[in-house]
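Encoded as structure tokens, the structure appears first; notes follow it.
The values are calculated or read from the model by the stated rules, or taken from the named source; none is laboratory data. Owing to the predicted nature of the structure, the values given are computational and were not obtained by experimental measurement. Ideal geometry is used to build each Cβ from the backbone, glycine not excepted, and the neighbour counts take in all protein chains shown. Ligands, DNA and RNA are stripped out before the accessible areas are found, and what is left, the full protein with its side chains, is counted by its heavy atoms. Shrake-Rupley method; radii C 1.70, N 1.55, O 1.52, S 1.80 Å.
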Amino acid sequence: MAGKADFTQEEWKGLQQGIMGTALLVSVSDPGFFETFKEAGAAGRHLAEARRGHESELIRELTESPAAGFGLGLKPQELESETLGALRRATSALQAKAPDEVDAYRRFGGDVARSVAEAADGVAAGETGAIDKITSALEAA
């Protein structure tokens, strides 16, 4: 099983930013004051549940210290670009160093995105678009 020690600091940061970015990207794709709180809560619960019992040790380790501060101050277009880039780099790093963890990372990233999208009154068209972009980025590498 792969863990933080198997990756460079930059690769690990990319793995973390990819996961954190999925939640943020979906949230900003359909902004709303109260929705943002619901979506942040959903992301936090999803990460906490994974930390306690995800089948992948890598996912458990990633959720122990998510990419704090990632995305702050970025415009939505910048957040999208940085998130999708992080997901592509993360998937490539996993394929090179821990191919048995690629599917778990892809599933987890998609699950986080969907849980955020479903947190507030159904999934909006913008959120569906964000999920599609996330899925493409995760599958690209």
Considering only segment 98-119, state which residues are open to solvent by less than 10 Å² (accessible area, probe 1.4 Å) and closer than 12 Å to ARG45 by Cβ. VAL112, VAL116
Flag for ALA104 being of a type outside the set (D, E, K, R) and at pLDDT 95 or above: yes
Determine if segment 10-33 includes at least one residue that is open to solvent by less than 70 Å² (accessible area, probe 1.4 Å), modelled with pLDDT under 90 and closer than 15 Å to ALA113 by Cβ. yes
So is THR36 of a type in the set (Ser, Thr, Tyr), under 13 Å from the mean Cα position of the chain (by Cα) and surrounded by 15 or more Cβ atoms within 10 Å (Cβ to Cβ) or not? no
Enumerate the helices (runs of 4 or more DSSP H) found wholly within segment 42-141, keeping only those where 1 or more residues are closer than 25 Å to GLY32 by Cβ and among the β-branched types (Val, Ile, Thr). 76-97, 102-117, 125-140
Condition first: open to solvent by less than 10 Å² (accessible area, probe 1.4 Å) and more than 13 Å from the chain's Cα centre (by Cα). Now tell me which residues in segment 50-63 satisfy that. SER56, LEU58
Within segment 64-85, residues among the charged types (D, E, K, R), exposed (fewer than 14 other Cβ atoms within 10 Å of the Cβ) and closer than 16 Å to LYS13 by Cα come out as GLU64
Looking only at segment 127-141, how many residues end up being under 17 Å from ASP103 (Cα atoms), within 14 Å of the chain's Cα centre (by Cα) and of a type in the set (A, V, I, L, M)? 4
Has segment 39-49 got at least one residue that is touching a Leu at 6+ places or on another chain (Cβ under 9 Å), closer than 16 Å to GLU11 by Cβ, open to solvent by less than 70 Å² (accessible area, probe 1.4 Å) and touching a residue at least 60 places away in the same chain (Cβ under 8 Å)? no
Among the numbered criteria (1) open to solvent by less than 70 Å² (accessible area, probe 1.4 Å); (2) within 13 Å of the chain's Cα centre (by Cα), which one does ARG89 miss? (1)
